[in-house]
Amino acid sequence: MAQSVNRTVPLPAVGDLQIYVNKSDQERAQRLLDRQPKIFKSAYDNAVKEFSNKLLRIVRTCLNKGEPPVGSGVSWPKHSMHTIKKYGPHPLLHLTGQYARSVKLIKEKNGRYIIGIPANTKKVRPTSKSQGGTSSNSIRTLNQIAYILEVGTSSIPPRPLWKPAYQSVGGNKELRKILVKHIRKEIRKEVGGIRNAKL
């Protein structure tokens, strides 16, 4: 005799997902349970893309304007006279524009997502006289420059971008909200034809 399906699926960082369907829809309910890995993978991918695009818009805006995220409470020190003399006047964190052009959402082979600069991206060297034309040979990648700009050195003040931008877009709370939305959306695709389904 068919019985109703009542399952609780624990989801880290989201909370428990309870699935209950009428016993007359047993077969469809079982199919829903069997498709959980695919459902959650699709929801995760879509949530990461949505959140990442919001974050990247803020990061690119900051890099193009040379200003920290609005409302973050963070301020960036102005360029030193030495820097202006060497490279000419330019927005903070925007000498050649390469940093702003390079940030993106990267999906690795293992399925993990990274937001930032592709590993070992070679930096563009300033060539015009107004931009100097010389730079330290010890710094070869844009990743190194981005790290220095973020945390500073003994001679360069920190100008944090990523943590303030992450907080500005809503941080973990916003990411969780978006993830829950996409999990619900994916499940509804499966339970749309199931009578008396609750989630």
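The values are calculated or read from the model by the stated rules, or taken from the named source; none is laboratory data. Just so you know, these numbers come straight off a predicted model, no measurement behind them. As a convention, Cβ positions derive from the backbone with ideal geometry for all residues, glycine included, and neighbour counts pool all protein chains shown. We work out accessible area using only protein heavy atoms, side chains counted, and drop any ligands, DNA or RNA first. Shrake-Rupley method; radii C 1.70, N 1.55, O 1.52, S 1.80 Å.
What about T153, is it open to solvent by less than 30 Å² (accessible area, probe 1.4 Å), at pLDDT 85 or above and under 30 Å from H94 (Cα atoms)? In short, no.
Every condition in (1) open to solvent by less than 70 Å² (accessible area, probe 1.4 Å); (2) modelled with pLDDT of 90 or more is met by V5 except one, and the failing one is (2).
Which of the residues spanning region 140-171 are part of a helix (DSSP H, G or I) and in contact (Cβ under 8 Å) with a residue 40 or more places away in the chain?
If we filter region 140-171 for residues that are part of a helix (DSSP H, G or I), which is where we start, we get 142-151, 162-168, 171.
Listed by number, the residues that qualify are L142, I145, A146, L149, W162, P164, A165, Y166, Q167, S168.
Would you check if A13 is part of a loop (DSSP other than H, G, I, E, B), at pLDDT below 90, over 28 Å from V124 (Cβ atoms) and open to solvent by 70 Å² or more (accessible area, probe 1.4 Å)? Yes; evaluated as a whole, the condition is true for this residue.
Considering (1) open to solvent by less than 40 Å² (accessible area, probe 1.4 Å); (2) modelled with pLDDT of 75 or more, the lone condition that G132 does not fulfil carries the number (2).
Kindly indicate whether E67 is surrounded by fewer than 19 Cβ atoms within 10 Å (Cβ to Cβ) and in a helix (DSSP H, G or I). Reasoning before the result, please.
Working: surrounded by fewer than 19 Cβ atoms within 10 Å (Cβ to Cβ): yes; in a helix (DSSP H, G or I): no.
It is false that E67 is surrounded by fewer than 19 Cβ atoms within 10 Å (Cβ to Cβ) and in a helix (DSSP H, G or I).
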